Amino acid sequence: MPSTFSSRLPGFYDMSLEARLRRIAEIAALPNEVRSVLEPEGGLSAEQADHMIENVIGVFGLPLGVATNFVINGREVLIPMAIEEPSVVAGASYMAKLARQGGGFRAESTEPLMIAQVQLLDVPNLTKAAKALQERKAEILARADQVDSVITELGGGARDLEARPFKKTAVGPMLVVHLIYDTRDAMGANALNTAAEAIAPLLEEVTGGRAHLRIVSNLADRRIARASCTIPLEALAYDQFSGERVRDGIVEAWALAEADPYRASTHNKGIMNGVDAVVIATGNDWRAVEAGAHAYAARSGRYTSLSRWWIEDEGSLAGELEMPMAVGIVGGATKVHPTAKACLALLDVSSAREVAEIVVSLGLAQNLAALRSLATEGIQRGHMELHARQVAIAAGAEGAQITRVAQQMASEGAVRLDRARELLREKGKKGK
Ligand code: MEV
C-alpha cells in the first residue's frame, strides 16, 4: 500500500508530547477514535484488563514512542515502539535516516507456516510408524483442517506432516510429529494447539504409540522474515570519524558476535530492543518471538549473531537480518488491546507478513545503531545525554532549559544534580 506521507519528521524530537501526537494523527490520517486511544487517558482500561488475565489489580504503562524516517520496500512507515529504555527509539530513527540514503530497507517474508509438535511415546517401530504417517497424511491433514474454519476459509490450514524419530532420549525412543500449518494473518498458537490436540488420537491409531505433548513450537523456522539495507559511505561519516572508519568498525564488531556467543547474546539483545518494542506495541506475544529468535540463533549448534554486516564492492556498508517472526494482526491482544489496535492502524498494514517485515527492518536498524556507537565513541555518550536530561529535570529545568543544561553537563562530563542546579542558578533561575 503506497503511503501518502513522509516518515521524515524533522524537529519531531523537540515537540511537546501533545504536538507529536497531533502531528502523527494528522499525517497518518488516524481516525478520531484511534487518536483518542493514544491520548494519555486512552489505552487499556482496568475493566478491559480484567477480562484479559487473572487476578488483575491494575494496568501497567510503558512509554510509547514512534520511530521516524523508515522507508520499507519503498513505503514510508511510522513505527510505534513500546519500550522503557532510553536511546532505543532515537537510535532506530537515526539509523533509518541513514538507510534512506541507500533506498531504505528491503524486506521479505515466507508464507506464515507454523509448526505444532505431537510427541508419541511407546511407538512399537519408529520406521514403520513414520512410513504409516506418510501413507495416511491426507487423512491426518484433513482432520487438522476441521479445527479452524476461519483460517481454512481464508486460505490457510494444514500443509504438511513430518515424522522426526528420536532413537534415544532420557526416557527411551520417541517419534515427534510436526504438523505444518499456514496461519494466514493470525500468530496462530491457538489454532496450532487445537489442531495438535485434534490429530493426536489419529496419530496414536496410525503409529500404535501414545500421544503425550501436543503444542506449538516457538522455533518458527518456517515463518521467516528478512530485512536488508545498504548505507552509503558518506552517510556513515560523523564527527571525527570517517565513513570508512565507521563502516570497518561495524563489520569488525559484527565479526565478534558471529564468532562468540558471549558477544552474540548482547548483539542479539540489541536487535530485540527494536523487535520487542514493536511486537509489544502491536499486542503480539514477544516471549514467543524472543524464544524463536534465540533458538534460531543457535540452529547450527553454536549460538551466533542473527544479523550479518559486510562491505559491498563499491564500498558501502550492507546488513541483513533474518529470524523467525510469529506475529499476527488478528486474534489475541492485537484485537482486544485498544493501544495495540491503534498501533496497527498507525502501521497501516493489511497482513501479518507486512508486520513481520517491518519488525525485522526495525531490528536491523537497532542493531546498526548499537554497532555504530560501540564501534566509534562507545555507547555511554548517547546514554549520558539522556541521563543528563533526566538530572536537569530533577534539578528543576523546564522547556528549553532541559537541553541546554543537559548538553552543558554532558560536555563537561559532570552529570550531577548539584551542577545542574548551579547551571540553572547562573541563568537566573533558582534550581529547586
Ligand atoms: C543495550 O540495550 C543494547 C546493546 O548492548 C546492544 C549491543 O551491545 O549490540 C547496546
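In segment 369-398, which residue that is in a loop (DSSP other than H, G, I, E, B) and free of Cβ contacts under 8 Å to residues at least 40 places away in the same chain is nearest to the ligand (Cβ to nearest atom)?
Restricting to residues being in a loop (DSSP other than H, G, I, E, B) and free of Cβ contacts under 8 Å to residues at least 40 places away in the same chain, the top hit is ILE379.
Can you name the condition, by its number, that SER305 falls short on among (1) away from the ligand (no atom under 14 Å from the Cβ); (2) part of a loop (DSSP other than H, G, I, E, B)?
Tallying (1) away from the ligand (no atom under 14 Å from the Cβ); (2) part of a loop (DSSP other than H, G, I, E, B), SER305 fails exactly one: (1).
How about segment 167-285: which helices (runs of 4 or more DSSP H) wholly inside it have at least 2 residues that are crowded, with 17+ Cβ neighbours inside 10 Å and not assigned by TED's automatic domain parsing to the domain that holds PHE70?
Hits in segment 167-285: 189-207.
Just need a number here: residues in segment 415-425 that are part of a loop (DSSP other than H, G, I, E, B) and either loosely packed, with under 15 Cβ neighbours inside 10 Å or basic (Lys, Arg) (or both).
Residues flagged as part of a loop (DSSP other than H, G, I, E, B) and either loosely packed, with under 15 Cβ neighbours inside 10 Å or basic (Lys, Arg) (or both) within segment 415-425 amount to 1.
Hey, among ASP239, ASP248, ASP260, ASP276, which residue is modelled with pLDDT under 95 and either acidic (Asp, Glu) or within 16 Å of the ligand (Cβ to nearest atom) (or both)?
ASP239
For a quick check of your reading of the model, give me the residue pairs whose first member lies in segment 60-79 and is under 13 Å from ALA99 (Cα atoms), whose second is in a strand (DSSP E or B) and among the small types (Gly, Ala, Ser), with beta-carbon atoms closer than 7 Å and at least 6 apart or on different chains.
Going by the 7 Å Cβ cut-off, the qualifying pairs are ILE72/ALA107; ASN73/ALA107.
What residue, of GLN401, GLN366, is assigned to a helix (DSSP H, G or I) and under 23 Å from PRO232 (Cβ atoms)?
GLN366
Just checking, does segment 357-375 include any residue being of a type in the set (A, V, I, L, M), over 30 Å from LEU317 (Cα atoms) and in contact with an Asp or Glu (Cβ under 9 Å, 6 or more places away or on another chain)?
Among the residues of segment 357-375, not one is of a type in the set (A, V, I, L, M), over 30 Å from LEU317 (Cα atoms) and in contact with an Asp or Glu (Cβ under 9 Å, 6 or more places away or on another chain), which makes the answer no.
Cβ contacts < 7 Å: first residue acidic (Asp, Glu), restricted to segment 182-198; second residue crowded, with 24+ Cβ neighbours inside 10 Å, any location; separation 6+ or different chain. Result?
Between residues of segment 182-198 that are acidic (Asp, Glu) and residues that are crowded, with 24+ Cβ neighbours inside 10 Å, the close pairs are ASP182/PRO112; ASP185/GLY328; ASP185/ILE329; ASP185/ALA352.
Looking at segment 118-168, which of its residues are over 13 Å from TYR181 (Cα atoms), hydrophobic (A, V, I, L, M, F, W, C) and at pLDDT 95 or above?
VAL118, LEU120, LEU121, VAL123, LEU126, ALA129, ALA130, ALA132, LEU133, ALA138, ALA163, PHE166
Is segment 37-49 home to any residue that is assigned by TED's automatic domain parsing to the domain that holds TYR94, within 23 Å of PHE105 (Cβ to Cβ) and out of contact with any helix residue (DSSP H, G or I) (no Cβ under 9 Å at 6 or more places or on another chain)?
Scanning segment 37-49, I find no residue that is assigned by TED's automatic domain parsing to the domain that holds TYR94, within 23 Å of PHE105 (Cβ to Cβ) and out of contact with any helix residue (DSSP H, G or I) (no Cβ under 9 Å at 6 or more places or on another chain), so the answer is no.
Please state which one of ALA352, ALA340, ALA291 is hydrophobic (A, V, I, L, M, F, W, C), surrounded by fewer than 20 Cβ atoms within 10 Å (Cβ to Cβ) and more than 16 Å from the ligand (Cβ to nearest atom).
The unique qualifying residue is ALA291.
Counting only residues that are assigned to a strand (DSSP E or B) and within 16 Å of VAL349 (Cβ to Cβ), how many does segment 316-330 have?
Looking only at that region, the number is 1.
What pairs come out if I take residues in segment 130-148 that are within 15 Å of ARG164 (Cα to Cα) and pair them with residues that are of a type in the set (Gly, Ala, Ser) whose C-beta lies under 8 Å away, six or more apart or interchain?
Short answer, once both residue conditions are applied: ALA130/ALA163; LEU133/ALA163; GLN134/ALA163.
Is it the case that ILE115 is under 21 Å from LEU203 (Cα atoms) and not in a helix (DSSP H, G or I)?
The answer is yes for ILE115.
I'd like the residue in segment 392-424 that is charged (D, E, K, R) and within 36 Å of the chain's Cα centre (by Cα) and, out of all such residues, is farthest from GLY382 (Cα to Cα).
Per the stated criteria, the residue is GLU398.
The values are calculated or read from the model by the stated rules, or taken from the named source; none is laboratory data. The shown structure was predicted, so the numbers you read here are calculated from the model rather than taken from an experiment. Because the Cβ atoms are built from the backbone with ideal geometry, glycine has one as well, and the counts that use them run over all protein chains shown.
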